[in-house]
């Protein structure tokens, strides 16, 4: 498949290039909608399509006004800061609890491992609207509805499955004779954990943390029900904007978020290579 | 505990032994069992070490388990409970519920005078606490018109002509005018026992005076409900002991509370109203579930609603159908891509993989807004189509606010979830299989269809279930690009939670959706195993 052999027939040639064209179109479908946002966000007008000036690449057609609005308008800055305050707290909570549990789950003898695993992964599977409804009813009963702490708690629960999945995956490749060697050399379990195990599984922990972060940073359904106006996050503001009065500032916000996801993706890729190198696998 | 015996050991021989306190094993005695260094039998020593290991593993998991239980599992359980919970009628009209249960409803399905009298007390109290409107809107889900009936009568109930009783009692004995005397009587256990209805009404009234008006009941004149109850007690032949004044009520002018209600609103003579109150007076109800399944209770029993009123079934069917279409389009688009990625050299594949992972990592809101912008009537896609000349400027394609919009946007959003499992399965197919098939004389298509495709089916299965599960619970994207024709059941649930406030129905719909998702989750766990979920 990779390269066309010189003896390929005409039919094979047509199929080869035809198939690649189809794949190219599908890749275009995947990436174009996201990429189209970026130039549109520099639109000088309040339109959501390319103006004739933009198509002529006339500098008059482009401007930073939507970015200025995004970074100065309190309607956007408040939510941005809320997101920045909520996501790290939720991430920290899910990473700490999730890593401990993943280590526990990777021990050879865990009673009811399958059931525990199913319960810990369930926040990823249960439809968000159901989680949101349940949390809304329950958290209002215990007075957490509309509080910062309530939103952090809910987002941490939603991030847990990602931490569990990535950290258990890393632990599969972890050589447990290393911890026994450390114990044999006189290290306490805590020292062993921080000096031997943690550095080795760190890439998995960080990528789990990134997943948890993006889950919280992106989450809108739960916060929509659980939060009050003072917990309004960036996705919430975008959601209201899309539903009610759509303003092009959304495109600037989207571009900022795309940049953040590119940074996260790059970090993750670097971590993956590092983890493969540490485990002795050749970087592919 | 039998599986912890030495017979289970060979799987991991070294760990429990290394964890033993002594760490060494003594020689076998001539006849006795094998002993560990501390003199215990080796068997129990190993079992103890294993138990300790299990406990340590559980101790590591416990904090998270407790956390997930409180922050996630309990809320869901609470929601499930809400779908059958129905306290409002029993809490708001406690006396009426009891009276109705014992009322044969002889007069054409309308309750008797004594039930109406209890209802009068209940409604009077509920009106003071402003709870009758909530009850009215709750019952309005079951029978339209009840809400306004309760609201209207609630306003009138304080002005009912029952004040004649207070006047007649006060005329018969001036002691009735003294609030302090009332307080004394109502502190006397013998009087309380002799006048059950009066005691009940007085206590409720005193509660209102203290809680709502912050008055001292011993300084306020009791309201009409107390005198009305007293009249009924005495008319029933109650004989309260001294110091309660002896009053003969046989000569009193009386008024029918039943007539007062029917005069206020003739709907109180409608048997259906009372049937509804009676049907929902139990603390648990299947009513929400019946509603969610488009069924209703009629005098003949449970039956489906008329065809044009089956909202929820239509919505469930649409959700499932559109999820199927989305899953299918995802397979169609993901298969060629995954095939290409799995067969290209790793260097190129990793580069192209970024094109898959970038959308995966991009915010859902960003992707949804992108589609909202692209699909609009004046959006980029329609502009391009008009420019090419496929579509004339006057009849641009309606791509948004309908099912098409939802399907296009959701296929794009869920596509990475299909590509990733498919790719990870395809990567494990050795390329030599295809070469072997070809060298045995198979044409390209035959080699693919008979060798490659069957091996990739597990990936299709895993990806399809994942995409299907995610898609039937989607809320944000259908809400924004779906209009009215392209929304899912989730949107209806959200509507009932935040707009119509019919939480019970929302919970019932949510429960049904949850059952479907959990069933699929179970299948997924059987087929793929949850620990095999790949992320990026």
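General remarks:
- Angle in degrees between helix B:196-211 and the longest Cα principal axis of chain B, rounded to the nearest 10: 70 degrees
- CD proxy at 222 nm, helix term only [per DSSP H run n ≥ 4: -39500 (n - 2.57); per residue of chain A; nearest 500]: -24000 deg cm²/dmol
- Residue B:377 versus residue A:45: modelled label distance in nm, points set 7 Å from Cα along the beta carbon direction: 1.7 nm
- In terms of other Cβ atoms within 10 Å, B:412, A:109, A:155, A:66 run from fewest to most in the order A:109, A:66, B:412, A:155.
- Stokes-Einstein diffusion coefficient of the range B:163-254, Kirkwood radius over Cα pairs, 4 °C, 1.567 mPa s, in µm²/s: 99 µm²/s
- Distance (nanometres) between label positions extended 7 Å along Cα→Cβ at residue B:314 and residue A:68: 4.9 nm
- Ranking of A:23, A:96 by neighbouring Cβ atoms within 10 Å, starting from the fewest: A:96, A:23.
- Three-way shape call for the range A:1-138 based on the alpha-carbon gyration tensor, with the a/c threshold at 1.5: oblate
- Sites residue B:184 and residue B:69, calculated FRET efficiency, Cβ-Cβ separation with R0 45 Å, nearest 0.05: 0.25
- Treating each Cα of the range A:100-150 as one equal point scatterer and applying the Debye formula with no solvent, the log10 of I(q)/I(0) at q = 0.14, 0.21, 0.22, 0.28 Å⁻¹ comes out as -0.55, -0.81, -0.83, -0.98.
- Alpha-carbon Debye profile of the range B:311-532, log10 I(q)/I(0) at 0.12, 0.13 Å⁻¹: -0.78, -0.88
- Neighbouring partner chain Cβ atoms per residue of A:97-103, average, 10 Å criterion: 5
- Remark on the range A:62-207: hydrodynamic radius 18.0 angstrom, per the Kirkwood mean of 1/r across alpha carbon pairs.
- Cα gyration tensor category, rounded, prolate or oblate, for chain A with a/c compared to 1.5: oblate
- Dividing the mean sequence gap of close Cα pairs (under 8 Å, 6+ apart) by how many residues chain B holds gives a relative contact order of 14 percent.
- Packing-based order for B:66-76, B:431-441, A:72-82, using average beta carbon neighbours within 10 Å, highest first: B:66-76, A:72-82, B:431-441
- Computed over the range B:311-532: relative contact order in percent, which uses C-alpha pairs under 8 Å that are six or more apart: 26 percent
- Chain B, Rg to Rh (Cα coordinates; Rh as Kirkwood inverse mean 1/r): 1.18
- Cα pair count fraction exceeding 27 Å, expressed as % - the range A:121-256: 40 percent
- Per residue, chain B reaches -19500 deg cm²/dmol at 222 nm when only DSSP H runs of four or more residues are counted, each adding -39500 (n - 2.57).
- Computed from Cα positions, the angle between helix B:224-235 and the longest principal axis of chain B comes to roughly 70 degrees.
- Residue mean of other protein chain beta carbons inside 10 Å, A:175-184: 1
- Ranking of A:234, A:93 by neighbouring Cβ atoms within 10 Å, starting from the fewest: A:93, A:234.
- Overall Cα dimensions of the protein assembly as shown - principal axes, largest extent first, Å: 117, 100, 56
- Extending 7 Å from the Cα toward the beta-carbon at both residue B:433 and residue B:236 defines two label points whose distance is 8.2 nm.
- Nearest 10 degrees, 0 to 90: helix B:453-472 Cα axis against chain B principal axis: 20 degrees
- Extension gain for the segment residue B:215 to residue B:455, taken as residue separation times 0.36 nm less the Cα-Cα distance, is 78.4 nm to one decimal.
- Extension gain, residue B:300 to residue B:262, is 11.0 nm, computed as 0.36 nm per intervening residue step minus the present C-alpha separation.
- Counting only other chain Cβ atoms within 10 Å of each residue's Cβ, the peptide A:114-120 averages 5.
Every read-out reported here was derived from the displayed coordinates using simple, explicitly stated rules and does not represent laboratory data. Remember, predicted model here, so these are calculated numbers, not experimental data. Note that each Cβ is placed from the backbone with ideal geometry, even for glycine, and that neighbours are counted across all protein chains shown.
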